[in-house]
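Readers should treat all values here as calculations from the given coordinates under stated rules, not as data from a laboratory. Given the structure is predicted, the values throughout are model-derived calculations rather than measurements. Here the Cβ is made from the backbone with ideal geometry for all residues, glycine too, and neighbour counts use every protein chain on show.
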Amino acid sequence: MVTKNFGMNTFVRSSRGLRTLPTAMQAQAVEAVRQQAKDRISQIDTERPVSPFLIDTFARRHDYLRISLTERCNLRCFYCMPSEGVELSPNENILTDEEVIRLATLFVRNGVTKIRLTGGEPTVRKNIVDIVGRLNELRQLGLRSIGMTTNGIALRRRLPSLVANGLTHLNISIDTLDPFKFEIMTRRPGHEAVLRSIEMALSIPELHSLKLNIVVVKGLNDTEVLDFIDMTRDKRLSVRFIEFMPFTGNKWDKAKMVPSSELLSRIASRHPKVTRASDALNDTARNYFIPGYNGSFGFISSMSDHFCGSCNRLRLTADGQIKVCLFDAKEISLRDQMRQGASDEELLQTVGYAVRGKNEKHAGMEDIDVVTNRPMILIGGASMKSLNKKKRSSLSYLNSRPHQPHRNTTTGPRPFSTCSTARSDATRDRLTHIDDTGRPAMVNVSTKEVTKRTATALGRIYIPKSAYDLVTSAEALPDTSDTNVTKTATQKAVDKARSKGNVLTVAQLAAIMGCKRTSDLIPLCHPLPLSHISVSLSLDGPRSVERSRGLEEFTTSGPDVRHASELNDRPPFSIVCQATVSCEGKTGVEMEALTAVSVGLLTVWDMLKAIAGREMVIGDIVVQRKEGGKSEDFVRN
């Protein structure tokens, strides 16, 4: 009912048309409208704020968390799982019940209001009913709904208990109404069991919503779209047509994807009165209904018309990785931090770091990373399979090896000898940070074991005698402290260099600080909890004629050919920086050691540039030693 003022009279628009309100009721009507507005404003004001840690750089507020409870599934849907299967994480790598609840509580305390349980298949987790019950206790902290996405195979018997324990929203995946096609798409029987689960769900009024998820594949089940629409005539459910999406191993092809706009045209040709429904904020689906039908339908157009601008979802994989986008391979382990004793505040800092790294939108359909990202079933856990031989050969032009420092043809690092067998050609022929399209991608380390890892790097900066004397002994240089003495340009430069402090000490501190910021400086490096950093800087020189000849002999033969004159043109003195870095993690610390050396040498340059900026040369930065991890240890000769 809406009030309108026309002159001295007040009217109310109702289903019976306009009618005049009695004078005595005019003030009450106006006051009622005002009170409704006040109540709405009060409701908005009292809504729980979202923590800054859950707001990304595009001001999206992430109040929706999807938690994968398991990597296991009782179906083998081709669009979800590679045909050769997947390597599941060991049971000890999967989050325990206590860890799931701890993380869920952390997210809810910071503004998450909606949790959805996924898998794999969540119903294969034995204690799923108890987990839902414990999550339901978080309503007092602000949780408003608990949903679950399931294939329905083992749902029917458990559903009443799940709803009694707090389950409010249910999505059931069923891609076809044909039992024969069902076995083609899922590689397993069970169509009848899914239908029984749907009927059970429809019979439980306490469920706030029931949705059917249908992945549409051209030439396979796209002809059944109208059959699914017919289900909404008499049933209180929503069917959602999902565009076929690319994941590792699912043989995605643009030709197999049916755009949602095409499906809507088909539906409208049969039902011309189809009407767009109002979508809730952050809805992934564009929803429609047919007048007179009990249910509705919608489209999830992740490929043809993605909805990234309003995305409010975060994902927690079964092995405890936070994932900010379904199509982004980047992950950070919250499980490892918890098991290393991290506080809730430290976990929240990591969550904030991940959220701030979320992109504005995912790549276009042809550019999505299907190499380093997980298969759909493991958005949830485990390692990716290697590229097939054909894909690897297409990368051979990159001519590099994973986990080894890039060769610097200017300084010519010496070849290293390994302590174990060489890598296979399959591993050596591809870069770990490049996908099969040649685009940069972060390495997936989610399934690697946490081991002790150590790396030592070396580097050198060549300096002239004046800089060497300044570093070694202040007495070797003329005293220029007397302000009454007229100073030469050289003396002024020496004073400027001295004013910056002790060269080696400042460079050592800078190297340590740079080491700790490696993941911020190198885009595709994983942030690691470093356990030890040791940096030393020492003076070396002058280089003798014999040493120069030895360098000439080495650098004018073999794969790193250089002219001896280049070395002899360098200043005869040098400062050597060595850094050793250790951690207990899933990936090595070679980059941290190299970053420490590089920053240390750059700091020496900055400290001495006033007196030797045109003469100094930085070079010979190499990894000297590496230990730990599955790849071979090595020591450079």
What is the calculated FRET efficiency for residue 637 to residue 584, with r their C-beta to C-beta distance and R₀ = 35 Å, to the nearest 0.05?
0.80
Residue separation times 0.36 nm, minus the C-alpha to C-alpha distance between residue 184 and residue 92: what's the value?
29.8 nm
Please figure out what share of the DSSP beta bridges in the stretch 52-378 is antiparallel and state it in percent, rounded to the nearest 5.
25
In Hz, Karplus ³J(HN,Hα) per residue of the stretch 89-97 (6.51, -1.76, 1.60; θ = phi - 60°; x = Gly, Pro)
5, x, 4, 5, 8, 7, 4, 6, 4
7 Å from Cα along Cα→Cβ at both residue 342 and residue 472: what's the point-to-point distance in nm?
4.8
Dividing the alpha-carbon radius of gyration of the stretch 52-378 by 2.2 N^0.38 Å (N being the number of residues), what value is obtained?
0.96
To the nearest 0.05, what FRET efficiency results for residue 192 and residue 349 with a Förster distance of 45 Å applied to their C-beta separation?
0.35
Need the full-extension length gain, residue 227 to residue 139, defined as separation in residues times 0.36 nm minus the C-alpha distance. One decimal, nm.
27.9 nm
With a 27 Å threshold on alpha-carbon distance, the violating pairs from 235/358; 361/516; 448/516 are 235/358; 361/516
Between residue 283 and residue 531, what is the label-to-label distance in nm when each label sits 7 Å out along the Cα-to-Cβ direction?
5.2
